[in-house]
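Report on the following structure.
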Amino acid sequence: MPVTVRDIRAYKERGERFAMLTAYDALSARLLDEAGIPLILVGDTLGEVMLGHPSTVPVTMDDMLHHTAAVRRGTSNCFVVGDMPFMSYQTSIEDGMRNAGRFLKEAGANCVKLEGGGRMIELVGRLTESGIPVMGHLGLTPQSINQLGGHRVQGRDAADALRIVQDAKALESAGAFAVVLEAVPSALAAEITQSLEIPTIGIGAGPDCDGQVLVWHDFLGITPGKAPRFVKRYASLADEIKTAAAEFASDVAAGTYPAPEHTYD
């Protein structure tokens, strides 16, 4: 059965931890769907892991709608979260509502995710009143990387922590059905999780969130270089892919591929 907003809320009510993973194409989404992952985030991280950008900032609405629609076509049961890209909702309430609606109408997403509290609270309220489910995102907000000065843990000082707590409660009051907490101290994430009726989904936020999310390329061990501290690599596919590619090239050079069993009579 397809996962719904009510199911996600029920996870928290039952004390049931749940997983969310990113996906950016139909085949990846199908694999996660068949594995029983309840939520798929079509994250604007695709700018970095799929499109080669240095950050999520250059990602466009066309990019996001294209990949979200592909993921939707690959799923039967997963709840698909469309990530609103930078400047698709910060400019005005009207722009935010129009672009959020496109995720549901054109790409088949079940909800949208947007970053920040403060002035975004009014938009969240308008969207939920209009029937568009909203997932919030607090802590490290990658679209604000230029303002934050890099990928830094947020909420370590008292004033910053209080602001995140207040924003989380404001998002809940505005109608958000869940909130992502990224790169915040574990104790702060635990406090927020206990204070909210809606689920929290952590990424670098410790073990006490109601759910956890990882990026597809990180958890499969495809991303090059040292992984962030919060990432657990559940496979090492980068090495396997490079080994397979080198073996293919060697077979072609040696003339052993294609063999008779790979050719048509």
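Coordinate-derived values only; no laboratory data. The structure displayed is predicted, hence computed values, not measured ones. Neighbour counts are summed over all protein chains in view; Cβ atoms, including those assigned to glycine, are modelled from backbone coordinates with ideal geometry.
3J(HN,Hα) couplings calculated from phi for the range 79-84 with the Karplus curve 6.51 cos²θ - 1.76 cosθ + 1.60 (θ = phi - 60°) are, in sequence order, 8, 9, 9, x, 8, 6 Hz; Gly and Pro show x.
Largest GNM mean-square fluctuation across Ala176, Ala70, Ala254, computed for the chain with C-alpha springs under 10 Å, falls on Ala254. Note on Lys169: lysines with a C-alpha under 21 Å away, same-chain residues under 8 apart excluded, are Lys12, Lys113.
For the chain, a Gaussian network of Cα nodes joined below 10 Å ranks Lys105, Lys113, Lys226 by mean-square fluctuation, and the top entry is Lys226. Roughly what angle does helix 237-254 make with the longest principal axis of the chain, taking Cα atoms, 0 to 90 degrees, to the nearest 10? Roughly 20 degrees between the two axes. Relative to the longest principal axis of the Cα atoms of the chain, the long axis of helix 93-105 makes an angle of roughly 40 degrees. Considering only His151, His217, His67, the Gaussian network model of the chain with Cα springs below 10 Å gives its largest mean-square fluctuation to His151. For the range 169-265, what's the relative contact order in percent, using C-alpha pairs closer than 8 Å and at least 6 residues apart? Value for the range 169-265: 17 percent. Global size of the range 182-265: 21.6, 68 Å for Rg and Dmax (C-alpha atoms, Rg to one decimal, Dmax whole). Working value for the range 1-151: equivalent-ellipsoid semi-axes of 23, 19, 15 Å, each the square root of 5 times a Cα gyration tensor eigenvalue, largest first. Between the amide H of Val180 and those of Gly136, His137, Leu138, Ile201, distances stay under 5 Å, these residues lying 5 or more places away or on another chain, with hydrogens modeled in the peptide plane. Couplings 3J(HN,Hα) for the range 120-137, derived from phi with the Karplus relation 6.51 cos²θ - 1.76 cosθ + 1.60 (θ = phi - 60°), are 7, 4, 4, 4, 4, x, 5, 5, 5, 5, 8, x, 9, x, 10, 9, x, 8 Hz, where x marks Gly and Pro.
Over the chain, all Cα pairs binned in 10 Å intervals from 0 give whole-percent P(r) values of 7, 29, 35, 18, 6, 4, 1, 0, listed from short to long. Exposure proxy for Arg156, Arg102, Arg14, Arg163: other Cβ atoms within 10 Å of each Cβ, ordered fewest to most, give Arg14, Arg156, Arg163, Arg102. Using C-alpha pairs below 8 Å separated by at least 6 residues, the relative contact order for the chain is 15 percent. Treating the angle as unsigned and between 0 and 90°, give the value, to the nearest 10°, between the Cα long axis of helix 5-14 and the longest Cα principal axis of the chain. Computed tilt is about 80 degrees.
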